[in-house]
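Just so it is clear, none of the values below were taken in a lab; they were calculated from the coordinates. Just so we're clear, the structure is a prediction, and the values are computed from it rather than from any experiment. Counting neighbours? That spans all protein chains shown, and the Cβs are built from the backbone with ideal geometry, glycine included.
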């Protein structure tokens, strides 16, 4: 299946005509038709818009990976301001800029079962509502050895109603993370996010978007990339933003 076939497949799953899709991304229906017939290809900027509309990864559109993978392989590293600015300059020169966004994530846990373990003080499981521009997404993650995780998410229409449902089900708010994220696509394989997190500082998050080998092998390649970027692996953050915010307020 080629790129155009994947666009047609996802469009039809949404129940949209070519004209419907064209209106959503401000192109003509002839342009959409040309993509779907594999005569031309959309720009990377347009692919980003399509991935958002279809709720799939850019990797799926370009390479034909799994539409919505439930496995995520990534690392997060805390940076000094100087290192952050150095990496940002490198990304501007050597990577494809995807977008900049303000992201607000509210994290929850059941009152009867703590995600924040008292013995090891690591959050390896979370449930959150994330606001991404006009999109609102509920997301669940379960981490394994801080290398990869199961991930499930779905877009919602009204986060206020969902918050009320959470309260009825016995879920309590444990942290609110407010960050500015700049996202880049690097080596046609990695999504690199540069985060400034309110009250916490600067971070880089590198995620595998195209899997060529096993999860473990991809994780090893991820570490090699981090070293090539001059990052200190001793600074890998294995706890996550909610943990740091919770403990900074204690």
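Placing a pseudo-label 7 Å from each Cα along the Cα-to-Cβ vector at residue 238 and residue 49 gives an inter-label distance of 4.3 nm.
A full extension of the chain between residue 63 and residue 248 corresponds to an added length of 62.4 nm, given 0.36 nm per residue minus the alpha carbon distance. Label-to-label distance, residue 137 versus residue 205, with points set 7 angstrom from Cα along the beta-carbon direction: 0.9 nm. Here the residues 91, 216, ranked from fewest to most Cβ neighbours within 10 Å of their Cβ, fall in the order 216, 91. Mean sequence separation of contacting Cα pairs (under 8 Å, at least six apart), scaled by the length of region 3-63, corresponds to a relative contact order of 39 percent.
Under the simplified labelling scheme, the residue 220-residue 150 pair shows an inter-label distance of 2.6 nm, with each label point 7 Å from Cα along Cα→Cβ.
With only Cα atoms counted, region 202-246 has Rg and Dmax values of 12.3, 37 Å.
Where [x] 50, 40, 33; [y] 58, 47, 31; [z] 65, 37, 34 are the candidate values, the label of the one calculated here for Cα extents along the principal axes in Å is [y]. Each stretch of four or more DSSP H residues adds -39500 (n - 2.57); spread over every residue of the chain, this sum gives -10500 deg cm²/dmol at 222 nm.
Of 192, 165, 123, the residue with the greatest mean-square motion in the GNM of the chain, using alpha carbon springs below 10 Å, is 165. Dividing the mean sequence gap of close Cα pairs (under 8 Å, 6+ apart) by how many residues region 149-250 holds gives a relative contact order of 20 percent. The overall shape of region 3-63 is rounded: from the C-alpha gyration tensor, with semi-axes ordered a ≥ b ≥ c, the ratio a/c is less than 1.5. Full extension of the chain between residue 39 and residue 90 yields a length gain of 15.0 nm, computed as 0.36 nm times the residue separation minus the alpha carbon distance. Can you tell me the relative contact order of the chain? Whole percent, Cα pairs under 8 Å, sequence separation 6 or more. It comes to 21 percent, rounded to a whole number.
Full extension of the segment from residue 113 to residue 2, taken as 0.36 nm per residue of separation minus the current Cα-Cα distance, would add 35.4 nm.
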